[in-house]
Amino acid sequence: QRKTYGTAQYVTGIADTTATGAAYIVVEGSDQDIYVAERNAMNVMDKDKVKVRLIQNKKGRKPEGVIEEIIQRAKTEFVGTVQLSKDYAFLVPDSSKISFDLHIPLDKINGATHGIKAVGKITSWNPGRKNPQGEILRVLGKSGSNDTEMHAILEEFGLPYKFPSEVEKAADHIPIEITKEEISKRRDFRDIITFTIDPVDAKDFDDAISVQKLKNGLWEIGVHIADVSHYVKENTPLDKEAYARATSVYLVDRVVPMLPENLSNGLCSLRPHEEKLCFSAVFEMDDNAQVKNRWFGRTVINSNRRFTYEEAQTVIETGEGDFADEILLLNTLAKKLRAERFKKGSIAFDKLEVKFHLDENGNPTGVFFKRMKEANLLIEDFMLLANKCVAEFCSPNPQQKNEAPSAPFVYRVHDKPDGEKLKAFADIAARFGYKINLKNEITIADTMNKTLKDCAGKPESNMIRSEERRVGKECRSRW
């Protein structure tokens with residue numbers, strides 16, 4: 001349980017600044033934030049670690065304080081626009097959370113000109129001065145141009161758009177050829193029908209699906225993920241850089257990859273008609289999508305075809321096209337998996353994604369909405385199946401035989417839904433004539449799914465779907 005401040009005169013916390021210059025100091029272990037008025041905020045910036053002296057205020061009001069010391073700056077570099085005059089220059093930060101401009105001496109502008117977008121750094125900040133002193137580190141380009149603004153976003157959020165030279169060098173020295181010795185250690189899927197289904201603008205293909213009929217009458221479905229661990233070894237420069245980046249970041253017109261391009265778009269991209277190393281979950285399923293056997297391990301594949309979601313959807317809707325029999329079979333099995341999930345409490349979120357039409361210079365010319373269709377759901381359901389079965393394999397029930405022993409394992413789970421949020425949502429839905437049954441998790445999920453279906457196309461749809469996604473994401477089935 002979080003504690004109150006008691007009689008402490010000084011506390012340490014993290015600043016959450018406002019556009020007015022005031023701040024709220026978040027203190028670990030406290031149930032209240034400390035309000036700091038602009039006049040008492042020193043020269044604090046968002047996320048700075050600060051020492052605060054508590055001051056008396058009117059009874060019943062939130063705790064109030066005065067910042068006595070900036071213990072640690074969260075950030076010293078900022079993206080902004082250069083304002084240049086004859087005698088001085090300023091960098092005006094893009095972020096609305098920054099309430100000051102950086103004063104830049106003319107010998108520290110690093111070639112920047114008036115109106116240019118640049119990255120500046122605080123070099124000193126004398127007590128009592130409104131503006132810190134700084135210098136220009138990097139010039140990004142002309143404000144308003146697509147490339148400049150994209151680089152500004154990357155700089156603003158600390159996203160590196162270049163790899164260190166040692167990382168690039170390490171990636172360049174990875175052998176491209178897959179040896180016969182390596183293939184001999186793996187289960188061979190190269191002669192089994194395999195394909196990828198991805199967005200039309202995808203630059204790399206991380207996962208693939210294979211399908212074949214077995215002699216025992218069951219369907220063998222393989223879910224194949226690029227075996228990055230074969231190329232990126234622990235504690236190497238590649239591994240450390242990937243760990244620091246954590247994930248690839250997708251902007252409207254580009255990707256900031258976790259790994260250098262010859263890995264992310266080359267060796268670890270499951271491109272068609274190329275032998276690729278994978279880690280796979282392989283299932284033997286009957287016509288009712290019941291898993292009878294499963295296997296996990298390293299494989300080698302050779303994808304027959306790269307489908308976009310739109311191409312796969314056309315096959316589903318018309319029954320015609322490349323590998324139509326296989327796609328229709330997978331879609332039938334996926335629908336049965338989905339029905340089983342819903343029966344166990346999963347929620348049918350209707351994901352509405354905003355996409356942009358861009359011209360040849362990367363400027364947006366239009367906007368459109370992209371909905372999840374059966375081709376998207378097909379991939380999602382088999383990925384969910386793979387994740388579910390891997391979790392069961394790594395931490396099995398004592399009754400399960402021939403499974404791996406229980407071991408520490410990382411899971412992503414959704415906690416039980418917040419009762420107050422659910423009740424508030426149920427009250428909103430009731431005003432439009434929809435009933436949310438709060439009896440248990442299954443009735444909650446069932447009635448949420450029914451509400452999603454019944455409100456489709458009606459004026460209240462956007463409001464209800466937005467509220468339902470906010471609340472419902474907390475109670476997705478953990479199977």
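Within region 48-72, restricting attention to residues that are in a loop (DSSP other than H, G, I, E, B) and surrounded by fewer than 16 Cβ atoms within 10 Å (Cβ to Cβ), which residue is modelled with the lowest pLDDT?
GLY60
Just checking, which of LEU378, LEU422, LEU352 is modelled with pLDDT of 75 or more and closer than 30 Å to GLU317 by Cβ?
One residue alone meets the criteria, LEU378.
Quick check on my filter: what residues within region 83-95 are closer than 22 Å to GLY141 by Cβ and touching a strand residue (DSSP E or B) at 6+ places or on another chain (Cβ under 9 Å)?
Going residue by residue through region 83-95, those that are closer than 22 Å to GLY141 by Cβ are 83-85, 89-95.
Selection gives GLN83, LEU84, ALA89, PHE90, LEU91, VAL92, PRO93, ASP94, SER95.
Within the group GLU310, GLU320, which residue is within 28 Å of the chain's Cα centre (by Cα), among the charged types (D, E, K, R) and exposed (fewer than 15 other Cβ atoms within 10 Å of the Cβ)?
Of GLU310, GLU320, the one residue that is within 28 Å of the chain's Cα centre (by Cα), among the charged types (D, E, K, R) and exposed (fewer than 15 other Cβ atoms within 10 Å of the Cβ) is GLU310.
Given the structure, is GLY141 farther than 30 Å from VAL315 by Cα and free of Cβ contacts under 8 Å to residues at least 40 places away in the same chain?
Working: farther than 30 Å from VAL315 by Cα: yes; free of Cβ contacts under 8 Å to residues at least 40 places away in the same chain: yes.
In short, yes.
Taking the condition of being in contact with a strand residue (DSSP E or B) (Cβ under 9 Å, 6 or more places away or on another chain), open to solvent by 20 Å² or more (accessible area, probe 1.4 Å), farther than 22 Å from LYS233 by Cα and not aliphatic (A, V, I, L, M), how many residues in region 269-302 meet it?
Qualifying residue count, region 269-302: 12.
For region 429-440, how many residues are assigned to a helix (DSSP H, G or I) and surrounded by fewer than 17 Cβ atoms within 10 Å (Cβ to Cβ)? Steps first, answer last, please.
Going through region 429-440, the residues assigned to a helix (DSSP H, G or I) turn out to be 429-431.
Remaining after also requiring surrounded by fewer than 17 Cβ atoms within 10 Å (Cβ to Cβ): 430-431.
Of the residues in region 429-440, 2 are assigned to a helix (DSSP H, G or I) and surrounded by fewer than 17 Cβ atoms within 10 Å (Cβ to Cβ).
Considering (1) at pLDDT 90 or above; (2) under 34 Å from the mean Cα position of the chain (by Cα), say which one ASP94 fails and leave the rest.
Evaluating ASP94 over (1) at pLDDT 90 or above; (2) under 34 Å from the mean Cα position of the chain (by Cα) leaves (1) as the failure.
Quick check on region 73-82: of everything there that is of a type in the set (A, V, I, L, M, F, W, C) and open to solvent by less than 30 Å² (accessible area, probe 1.4 Å), which residue is farthest from the chain's Cα centre (by Cα)?
In this case the residue turns out to be VAL82.
Residues being more than 15 Å from LEU140 (Cβ to Cβ) and touching a residue at least 40 places away in the same chain (Cβ under 8 Å): count how many of those fall in region 96-121.
Total meeting the criteria: 5.
Give the number of residues within region 248-263 that are in a loop (DSSP other than H, G, I, E, B) and aliphatic (A, V, I, L, M).
4
Going by the conditions given, is ASN387 at pLDDT 85 or above and open to solvent by 90 Å² or more (accessible area, probe 1.4 Å)?
So ASN387 fits the description; yes.
Taking strands (runs of 3 or more DSSP E) that fall entirely within region 83-150, which contain at least 3 residues that are out of contact with any Cys (no Cβ under 8 Å at 6 or more places or on another chain) and open to solvent by less than 30 Å² (accessible area, probe 1.4 Å)? If you could, list the steps in order and put the result at the bottom.
Values: elements: 89-93, 102-104, 116-124, 133-142.
So the answer is 89-93, 116-124, 133-142.
Does at least one position in region 336-358 carry a residue that is of a type in the set (Phe, Trp, Tyr), crowded, with 16+ Cβ neighbours inside 10 Å and not in a helix (DSSP H, G or I)?
Yes.
Give me the residue from region 359-375 that is surrounded by 10 or more Cβ atoms within 10 Å (Cβ to Cβ) and assigned to a strand (DSSP E or B) and, out of that set, modelled with the highest pLDDT.
PRO364
Based on this model, can you work out whether GLY266 counts as at pLDDT below 95 and open to solvent by less than 20 Å² (accessible area, probe 1.4 Å)?
Details: at pLDDT below 95: yes; open to solvent by less than 20 Å² (accessible area, probe 1.4 Å): yes.
Judged against the criteria, GLY266 is a match.
I'd like to know if region 246-254 contains one or more residues that are at pLDDT below 95 and buried (at least 17 other Cβ atoms within 10 Å of the Cβ).
Within region 246-254 (the criterion being at pLDDT below 95 and buried (at least 17 other Cβ atoms within 10 Å of the Cβ)), the answer is yes, since at least one residue qualifies.
The values are calculated or read from the model by the stated rules, or taken from the named source; none is laboratory data. In this text the structure is predicted, and so the values were computed from the model without any measurement. Cβ sites come from the backbone with ideal geometry, for glycine too, and all protein chains shown count toward neighbours. To get the accessible areas, we keep the full protein, side chains included, count just its heavy atoms, and leave off ligands, DNA and RNA. Shrake-Rupley method; radii C 1.70, N 1.55, O 1.52, S 1.80 Å.
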